[in-house]
Amino acid sequence: MRSDDLGRPDLLDELAPPHEASADHRTGGPGVGSMARAAGVTLVLMVLTSLGAIAGGWLASDRLPDVEYASVIWEGLAVVAWCLLWALFAGAVSLALGVVVVALPWARRRGR
């Protein structure tokens, strides 16, 4: 441990994790393959959610409510809010389905 002239220990040395005696000693943490599969599952869920949100917003834009607005600005804000809410709803539904279909079986296999 290094120290400065006043006898205090170096902060970075205090916060650093302890070094192992041998470089090939495994600490029991997740391996590279396991982390890559977890990242793959996460990426699949992210893509599925974004596709669901895009599809929900697109479908909502085709089915706008028939309401008379006082100005074009309010109509634009209402259309954007309508499409955004349906996109969020569709994204949440697709994420939930993706978790049930993809992530839960993967987590169960990993837990065994």
Does residue 43 satisfy being in contact with a Ser or Thr (Cβ under 7 Å, 6 or more places away or on another chain) and under 30 Å from residue 108 (Cα atoms)?
no
Six or more apart or on different chains, Cβ atoms under 6 Å: show the pairs whose first residue is in the stretch 47-60 and touching a residue at least 12 places away in the same chain (Cβ under 8 Å) and whose second is outside any helix (DSSP H, G or I) and loosely packed, with under 14 Cβ neighbours inside 10 Å.
none
Is it the case that some residue within the stretch 65-78 is part of a helix (DSSP H, G or I), touching a helix residue (DSSP H, G or I) at 6+ places or on another chain (Cβ under 8 Å) and at pLDDT 85 or above?
no
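The values are calculated or read from the model by the stated rules, or taken from the named source; none is laboratory data. Being a predicted model, the structure only gives us computed values, none of them experimental. Reconstructed Cβ throughout: ideal geometry from the backbone, glycine too, with neighbour counts over all protein chains shown.
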